[in-house]
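I have placed the structure first, in the form of structure tokens, so that the comments after it can refer back to it.
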Amino acid sequence: MYEFPSTPAAQWRSRMDLSLRELEIVEEESRFYQAQRYAGAAEAWQVFADQFGPDISTDRSSMQQRSFRAELATVLSIPEVTAENLLGRARILVGSIADTFRAFEAGRISERHATILADAVAPLGPDDTAELERRALPHAEKLTAAKFARKVEHLREMIRPSEATERHREAVKERELYVQPAPNGMAWVHALMRSIHAAAIDDYADKLANANASEGDDDDRTHIQRRLDAFVDLILDKGVILPPVDEEHGLRQRQPSGIVPTVHVTVPALTITGESDEPATLDGIGPIDPETARELIGCAPGMYRILTHPDTGVAVHFGRTRYQVPAELRRFLQVRDGTCRFPGCNRRAARCEVDHTKDWQHLGPSDAVNLGHLCKKHHALKHGSGWTVRQEPRSAVYAWTSPTGRAHT
């Protein structure tokens, strides 16, 4: 046992106990304020429902409910999907599993524990919800969040085991794949899939990684790195994205074995020539380092010139006057906008619609200063609710005003 020469053991234990107790108090207070966030969201929804009637909650696609979610997202500066999840959990915590919410508010359980149980009871009826809360809540104060999640899943299956197959079939409909940008030119690929497929992929990646390790002693990659490289090889032909380079740079020459992707990169002119190290931008991901950008340019079959302002980096617009947006202007707008132009929406511009900020029928021109990308959801919101928007002609900044009068740029 380590001894503190200048501090008596009893005094040290007392100080340590005080420090840990202060940490407990901070954590309890933090959980209280986290709980108030859910209470506030539930209260805001109740005020909204009082105005439009209780039936408004049954139609997620209604313009009123979509408008509410959009405003909640802009007030909290979070994506709309996150706002929708927050609202759904808030209504369950406050209205359906009140004992869990009180434990959360008192600081006895964490936000993660509370939301795990809220998500678990979401598809259940009132009786099953009450039963699952009764069985699961005592474990929330004893188990870590990860272990609690497994316990809740097990308890839920025990309530109505005969319906497990049907629940799984419904869950399969929620499968998805999305990319999350990360620092230093990296990105995460997240996939929600059937557990048997995930287990099979995990096992196959292990087998390929072990097979690669046995090919020779000159491979200094870790097992984790070999697993990832095997996964990429199964899906994508690396040689199509980047030209083969020597072993010193960590890439090996590979034969085409997968999908040939389209890569969209915006690179400052001086970076291409090597006179600058200003980073480039990979569409849908974010900044990439200059060396990678120059490698991409080197294997590009063709190039489109897009000029950027030397001080601000903003793409310089050029005008058009006809209704149909020409391909060159669409390409320019895609690079300029990057994503949907509604506050907080990160849907890639390539998957959005080009919208006239000032409607064409109201004499809005088909020019870059009046065009921009909106995803289908926010395109409909612009035309079918109380949201209004204008576009600053010099900066292409969008100024939105919500139905309650709040301004968002």
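The values are calculated or read from the model by the stated rules, or taken from the named source; none is laboratory data. Since the model is a prediction, treat every value here as computed from it, not as a measurement. In this analysis, Cβ positions are derived from the backbone assuming ideal geometry, glycine residues included, and neighbour counts consider all displayed protein chains. Accessible surface areas use protein heavy atoms only, side chains included; no ligands, DNA or RNA. Shrake-Rupley method; radii C 1.70, N 1.55, O 1.52, S 1.80 Å.
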query = Where in the range 281-396 are there strands (runs of 3 or more DSSP E), lying wholly inside it, with at least 3 residues that are modelled with pLDDT under 85 and not acidic (Asp, Glu)?
reply = 286-288
ask   = Listed residues 175, 156, 169; which is surrounded by 13 or more Cβ atoms within 10 Å (Cβ to Cβ) and either at pLDDT 85 or above or more than 24 Å from the chain's Cα centre (by Cα) (or both)?
value = 156
task = Considering only the range 114-153, state which residues are open to solvent by 80 Å² or more (accessible area, probe 1.4 Å) and not basic (Lys, Arg).
result = 123, 126, 127, 141, 144, 153
ask   = With (1) closer than 17 Å to residue 393 by Cα; (2) open to solvent by less than 40 Å² (accessible area, probe 1.4 Å); (3) in contact with a Ser or Thr (Cβ under 7 Å, 6 or more places away or on another chain) as the list, and residue 365 as the residue in question, which single condition is left unmet?
value = (2)
ask   = What number of residues within the range 178-196 are more than 30 Å from residue 279 (Cα to Cα) and surrounded by 12 or more Cβ atoms within 10 Å (Cβ to Cβ)?
value = 3
note = Picked from the range 1-19 (must be surrounded by 10 or more Cβ atoms within 10 Å (Cβ to Cβ) and either aliphatic (A, V, I, L, M) or closer than 26 Å to residue 86 by Cβ (or both)), the residue modelled with the highest pLDDT is 18
